[in-house]
Amino acid sequence: MMTHILRLDASARPGPNLAGAEQASFSRALGDAVLKGLVAHGARLGAERDLGGNPLPAIADATIKGFYAPTEAMTDALRAATALSDTLIAEIEAADVLLITTPIYNFGTPAALKAWIDQIMRIGRTFAYEDGAFRGLVEGKRAYVAYSYGAGGYGEGGALNSFDFLRPYLTLILNFIGITDVTSFAVEATTADATTVDAAMAAALAEIERHFVSEGVA
């Protein structure tokens, strides 16, 4: 069976193909390379959402009420309030692989990505609470995440490692809903001089290429 990919892009900047004279998104560029590697091993892009370019609405009071309402208490208004969540979760369920691309904004998660997380984190749908413990319900899937950091030093042992509230949080979210097979790629120092940026991107892209050559899986 063919592997289906759900791609989610969180950067406010456009991808390399649409940037023109604008600054292209580094995280989207890494995502393009990951997608190329996945497709080369038999996967196909099943669905994609430009979260940065077309932001999702924040959850409202009615959405939260709908999340916790028993089936017999669901009204037309509550069903409408949770319809987007239903759609987003269905996209996850239909995919075999999630490909998420995201920059770090102010040491944390972009609002566009957080809005998606708030819509898909749903008891009884993506996670359960049973016998005093949480259990992820999204099983049998893998995730690839492409990160971009404006400064350098966010990696393990780096001076800004403790300032990174994006990668640990997103990894936790994916693990929490049941996706424990998570592969991450990152580029740092994207606000440095052109020579430094070019070298950093080249290194990150080479790492992605090596991964798909050595792993040989989609």
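The values are calculated or read from the model by the stated rules, or taken from the named source; none is laboratory data. Fair warning: this is a prediction, and the values are worked out from it, not measured in the lab. Neighbour counts are summed over all protein chains in view; Cβ atoms, including those assigned to glycine, are modelled from backbone coordinates with ideal geometry. Ligands, DNA and RNA are stripped out before the accessible areas are found, and what is left, the full protein with its side chains, is counted by its heavy atoms. Shrake-Rupley method; radii C 1.70, N 1.55, O 1.52, S 1.80 Å.
Taking all protein chains together, 125, 28 sort by accessible area into 125, 28, largest first [probe 1.4 Å].
Build a GNM of the chain with springs between Cα atoms under 10 Å apart, and of 70, 168, 57 the one that fluctuates most is 70. Qualifying GluC sites (Glu not before Pro) in the stretch 84-155, where qualification requires a DSSP coil assignment and no more than 13 other C-beta atoms within 10 Å, comprise 139. Building the convex hull from the alpha-carbon atoms of the chain and averaging its projection over directions returns 14.0 nm².
Run through the stretch 126-191 and list the chymotrypsin sites (Phe, Trp or Tyr not before Pro) located in a DSSP loop whose Cβ has at most 14 other Cβ atoms within 10 Å.
165
Building the convex hull from the alpha-carbon atoms of the stretch 91-156 and averaging its projection over directions returns 6.1 nm². Note on residue 2 and residue 162: the extension gain reaches 53.7 nm, defined as 0.36 nm multiplied by sequence separation minus the Cα-Cα distance.
Across the chain, C-alpha contacts under 8 Å between residues 6 or more apart give a mean separation that, scaled by the residue count, equals a relative contact order of 25 percent. Across the alpha-carbon atoms of the stretch 1-94, the computed radius of gyration and Dmax are 17.3, 54 angstrom. Averaged over its residues, the stretch 81-169 has an accessible area of 43 Å² per residue, based on protein heavy atoms and a 1.4 Å probe. Couplings 3J(HN,Hα) of the stretch 40-56, computed from phi: 5, 9, x, 8, 9, 6, x, 7, 8, 9, 8, 5, x, x, 10, x, 7 Hz, in residue order, whole Hz [Karplus 6.51 cos²θ - 1.76 cosθ + 1.60, θ = phi - 60°; x for Gly and Pro]. For the stretch 1-93, with all protein chains in place and a probe radius of 1.4 Å, 56% of the accessible heavy-atom surface sits on carbon or sulfur.
For the residues 27, 148, 184, a GNM of the chain with alpha-carbon springs under 10 Å puts the largest fluctuation on 184. Could you give log10 I(q)/I(0) at q = 0.10, 0.19 Å⁻¹ for the stretch 89-214, computed by the Debye formula over C-alpha point scatterers of equal weight, without solvent? Reported log10 I(q)/I(0), two decimals: -0.37, -1.11.
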